[in-house]
1. Filter the stretch 160-180 for residues that are closer than 20 Å to Ala108 by Cβ and either part of a helix (DSSP H, G or I) or open to solvent by 70 Å² or more (accessible area, probe 1.4 Å) (or both) and give the result.
2. Residues being acidic (Asp, Glu), touching a residue at least 60 places away in the same chain (Cβ under 8 Å) and loosely packed, with under 15 Cβ neighbours inside 10 Å: count how many of those fall in the stretch 1-34.
3. Out of the stretch 132-146, which residues are in contact (Cβ under 8 Å) with a residue 40 or more places away in the chain and either surrounded by fewer than 17 Cβ atoms within 10 Å (Cβ to Cβ) or over 15 Å from Val181 (Cβ atoms) (or both)?
4. Against the conditions (1) closer than 19 Å to Gly39 by Cβ; (2) part of a strand (DSSP E or B), where does Thr157 fall short? Just the number, please.
5. Can you tell which of Gly48, Gly64, Gly39 is of a type in the set (Gly, Ala, Ser), farther than 19 Å from Arg178 by Cβ, more than 18 Å from the chain's Cα centre (by Cα) and surrounded by 13 or more Cβ atoms within 10 Å (Cβ to Cβ)?
6. Taking the options Leu82, Leu104, name whichever one is within 16 Å of the ligand (Cβ to nearest atom) and in contact with a Lys or Arg (Cβ under 7 Å, 6 or more places away or on another chain).
7. Is there a residue being closer than 26 Å to Gly59 by Cβ and away from the ligand (no atom under 14 Å from the Cβ) anywhere in the stretch 116-123?
8. Can you say whether Gly98 is closer than 22 Å to Ser31 by Cα, touching a Leu at 6+ places or on another chain (Cβ under 9 Å), crowded, with 22+ Cβ neighbours inside 10 Å and modelled with pLDDT of 95 or more, as far as the supplied structure shows?
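The values are calculated or read from the model by the stated rules, or taken from the named source; none is laboratory data. Being a predicted model, the structure only gives us computed values, none of them experimental. No Cβ is skipped: glycine too gets one built from the backbone with ideal geometry, and neighbour counts run over all protein chains shown. Please note that ligands, DNA and RNA were not included when accessible areas were found on the heavy atoms of the full protein model with its side chains. Shrake-Rupley method; radii C 1.70, N 1.55, O 1.52, S 1.80 Å.
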Amino acid sequence: MARKTNIKRMLTDIENEAKFTASYTGRERFSERVMQAMGDVVREKFVGDIEEDFAYDNGPLPIGYGQTISQPYIVALMTDLLDLTPESTVLEIGTGSGYQAAILSRLAKKVYSIERIPELCESAKARLQALGYNNVETMCANGYYGWEDKAPFDAITVTAAAAHIPQALVSQLKPGGRMVVPVGLPYMHQELMLVTKDQQGHRSTDSILGVAFVPLVTEDK
Ligand code: SAH
């Protein structure tokens, strides 16, 4: 019962923040499908030993190795901006706990997700499998260069902040595709950017709102 109440509270928090930020995001509310997925995926299963009630607070949570899972509102916003359909193929950079991958898996046909920290990658993979998110494929690697073998994608989400929009990711986006990526310097001002590619392959970029993400690592030694 407590879980039901907590999830309801989380969805209300997301709705309120969506209204509050509508003038920046252009979205007064998120789609039914996105809100349904947010309500269905059990967040506490992705955050380890955190008190159950905290798991549903509208804030970021630590997932180990200095990394965090984004606040539910940001996960919902980033997912909503991708305009996924049940036929979409999505790429996520930064699997982390696997939480956002689980949300995406409810909304798309296939989710590919890359994580560079081996321990997080392995545990997210095992968790997603155990919870039955069977349309998610993970890879333990540096995602800065995308996943060439599986490209092109209808949508790409980057869940760590890049200093610039990674060109390799733009080139792996289908015509008509959409990408969300936080851009900015580590622990400085960052903007969530929406990159769209038109049918002719021309890219355009919109700034959505200010955010705070852990850094996207560009080079692995
Ligand atoms: N989406 C995650 C949260 C991710 S936090 C979730 O729902 O839990 C950001 C993650 O991006 C971290 O796990 C970090 O290790 C990873 N990351 C940072 N740079 C990366 C890169 N170049 N390639 C792949 N993963 C990266």
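1. The answer is Leu169, Val170, Pro175.
2. From the stretch 1-34, those acidic (Asp, Glu) are 13, 15, 17, 28, 32; that's our starting set.
Within this subset, residues satisfying the condition of being touching a residue at least 60 places away in the same chain (Cβ under 8 Å) are 13.
Within this subset, residues satisfying the condition of being loosely packed, with under 15 Cβ neighbours inside 10 Å are none.
Final tally of qualifying residues: 0.
3. The first filter runs over the stretch 132-146 and keeps only residues in contact (Cβ under 8 Å) with a residue 40 or more places away in the chain, leaving 138, 142-144, 146.
Within the stretch 132-146, Thr138, Asn142 meet the criteria.
4. The single condition Thr157 does not satisfy is (1).
5. The unique qualifying residue is Gly48.
6. Leu82
7. no
8. Values: closer than 22 Å to Ser31 by Cα: yes; touching a Leu at 6+ places or on another chain (Cβ under 9 Å): yes; crowded, with 22+ Cβ neighbours inside 10 Å: yes; modelled with pLDDT of 95 or more: yes.
Criteria met by Gly98.
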